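K.L.:
One structure, as C-alpha cells, below. Some questions next.
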Amino acid sequence: MPIQHIAEAADWERALDTGLYDRSTRGASIAKVGFLHASAGPRQVALVLDAVYADVTEPLVLLTMHEETLHGAGLRVVLEPGVPADPRGEWFPHVYGGPIPVGAVAGVEQIDRPQPRVEQNRVVTGSTTGVPTNVSASVPAGEESAENAAASSLIEAHLSRAIDLAASNAATNGGPFGALVVSADGQVFQGTNRVTATHDPTAHAEVEAIRSAGLGLGTFDLSGAVLYASCEPCPMCLGAALWSRITRVVFAADRHDAAAAGFDDAAFYEYFEAPGRRDAMPVVHHPTDRAAAPFEAWRGNESRTAY
C-alpha cells in the first residue's frame, strides 16, 4: 500500500543531508509524537492539507513510501484513527519504529496550493509516485473507492491471517475460529479457539489473543489495539474486548455464518437482546447483608491497582 506524507520542504532537505527524516506532523518530531503521521491516497492527503496545513505558507512536498519497503527497514505501519478519541472517524496509516531512512522514500513531489482560501482544490504536481495530477477534497466516487481499498489493505491482511488461523485450527480438531490483537505500535498477538483442547469454555480465539497480548505487552490495558476476528465475536468475547479497552473490533464472517455451522452465537446475542429469551438461563439477584464487603475491602486497600 502506498504511504504518503506531507513534509515541509526544508525538513526534507535536512533529511537528505542526515539520511533520516525525523518529522511527524507540521514540524513535530517523530520522537515526540511517537510515529510518522501519513495518508493513504489523495483524498486523505487533501483532508490533511485542509485540516493541518491550510495556514502554512512554507513550501511543502509529498513523500511517497511503500509498506513493504518500510517493513524491510524495521518500521511498522498501523492503521489508526486520526483522532484517537473518535475511533469512528477517519483512519490513517501511522508509521512506528523511529525516523524514516531517506532510501525508503520512493518519490518526492512538490505540493502546489491555490492562493485564495476559498478555492477548495489542492493540487499535487509531478508523476513520480503515480498520484493523479489534481488532488481535490471532492474525489470522484470511483477514485474514492480505490483509495478506500488501499487504506483497507492492512485490515484485509489481518483478517486473512485470522481466517488462516481458524481454518488451520479446524483442520486439526480445534474450533474454526482465529483472532489477532494488533497493538497500537503494530505488535501482533494471535489466538485460536481452544475450547475442546483445554476443556475451557471461555478459551475462544478472541479471548486467547487478548490474553496473549496482555502477557506479551505486560499490561491489562490494550488501549489503541485492534481485535481482528475470523468471525463476529460472541457477547463474551465482546465483553473481554471492552474490559481490555481495545479500541476497535473487525470481523469477517458473522453470527449467522456461525449458526449455520452449528454454533450458538446468534442465540447468545438473542439472550441479551430479547428479554423473552432470559428463561434459557435465569440470572437472579439475591441480596445479602455482606454483599458489599468485597467492595469495601477494595476501597480500603490504598495499594490497589485500578482497572
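K.L.:
Just to be sure, is Gly98 at pLDDT 90 or above and either in contact with a Cys (Cβ under 6 Å, 6 or more places away or on another chain) or assigned to a loop (DSSP other than H, G, I, E, B) (or both)? Full working, then the answer.
P.N.:
Values: at pLDDT 90 or above: yes; either in contact with a Cys (Cβ under 6 Å, 6 or more places away or on another chain) or assigned to a loop (DSSP other than H, G, I, E, B) (or both): yes.
Yes, satisfied.
K.L.:
Here are some conditions: (1) within 21 Å of Asp185 (Cα to Cα); (2) of a type in the set (Val, Ile, Thr); (3) open to solvent by 60 Å² or more (accessible area, probe 1.4 Å). Thr57 meets all but one. Which one does it not meet?
P.N.:
With respect to (1) within 21 Å of Asp185 (Cα to Cα); (2) of a type in the set (Val, Ile, Thr); (3) open to solvent by 60 Å² or more (accessible area, probe 1.4 Å), Thr57 is out only on (1).
K.L.:
May I pose another question? Since Glu270 meets every condition but one in (1) within 26 Å of the chain's Cα centre (by Cα); (2) surrounded by 14 or more Cβ atoms within 10 Å (Cβ to Cβ); (3) not aromatic (Phe, Trp, Tyr), which condition does it not meet?
P.N.:
Going through (1) within 26 Å of the chain's Cα centre (by Cα); (2) surrounded by 14 or more Cβ atoms within 10 Å (Cβ to Cβ); (3) not aromatic (Phe, Trp, Tyr) one by one, Glu270 breaks only (1).
K.L.:
Further question on the same structure: Mind listing whichever residues of region 26-42 are modelled with pLDDT under 90, open to solvent by 40 Å² or more (accessible area, probe 1.4 Å) and more than 19 Å from the chain's Cα centre (by Cα)?
P.N.:
Arg26, Lys32, listed by residue number.
K.L.:
A follow-up question, please. Tally time: how many residues in region 170-189 are in a loop (DSSP other than H, G, I, E, B) and crowded, with 16+ Cβ neighbours inside 10 Å?
P.N.:
We begin by selecting, within region 170-189, every residue in a loop (DSSP other than H, G, I, E, B); these are 172-177, 183-187.
Then keep just the ones that are crowded, with 16+ Cβ neighbours inside 10 Å; that gives 174-177, 183-184, 186.
Matching residues across region 170-189 total 7.
K.L.:
A further question follows. Looking at Arg14, is it at pLDDT below 90 and either buried (at least 21 other Cβ atoms within 10 Å of the Cβ) or assigned to a helix (DSSP H, G or I) (or both)?
P.N.:
On the way: at pLDDT below 90: no; either buried (at least 21 other Cβ atoms within 10 Å of the Cβ) or assigned to a helix (DSSP H, G or I) (or both): yes.
Considered against the rule, which asks whether it is at pLDDT below 90 and either buried (at least 21 other Cβ atoms within 10 Å of the Cβ) or assigned to a helix (DSSP H, G or I) (or both), Arg14 comes out as no.
K.L.:
It is to be established whether one or more residues within region 200-213 are hydrophobic (A, V, I, L, M, F, W, C), at pLDDT 95 or above, open to solvent by 30 Å² or more (accessible area, probe 1.4 Å) and in contact with a helix residue (DSSP H, G or I) (Cβ under 6 Å, 6 or more places away or on another chain).
P.N.:
Taking every residue of region 200-213 in turn, none turns out to be hydrophobic (A, V, I, L, M, F, W, C), at pLDDT 95 or above, open to solvent by 30 Å² or more (accessible area, probe 1.4 Å) and in contact with a helix residue (DSSP H, G or I) (Cβ under 6 Å, 6 or more places away or on another chain).
K.L.:
Related question: Within the set of pairs 6+ apart or on separate chains, which have a first residue in region 23-35 that is touching a residue at least 12 places away in the same chain (Cβ under 8 Å), a second that is assigned to a helix (DSSP H, G or I) and not charged (D, E, K, R), and C-beta atoms under 7 Å apart?
P.N.:
Every condition considered, the pairs that remain are Arg23/Ile30; Ser24/Ile30; Ser24/Val33; Thr25/Val33; Thr25/Val52; Arg26/Val52.
K.L.:
Only one residue in Gly126, Gly130 is modelled with pLDDT under 90, surrounded by 13 or more Cβ atoms within 10 Å (Cβ to Cβ) and at positive phi, so which one is that? Explain how you work it out, then say what you get.
P.N.:
Working: Gly130 fails: surrounded by 13 or more Cβ atoms within 10 Å (Cβ to Cβ).
Unique residue meeting the criteria: Gly126.
The values are calculated or read from the model by the stated rules, or taken from the named source; none is laboratory data. Keep in mind it's a predicted model, so treat the numbers as computed, not measured. Virtual Cβ from ideal backbone geometry, glycine too; neighbours counted across all protein chains shown. Each accessible area value is taken on the protein alone, full model and side chains, heavy atoms only, with ligands, DNA and RNA left out. Shrake-Rupley method; radii C 1.70, N 1.55, O 1.52, S 1.80 Å.
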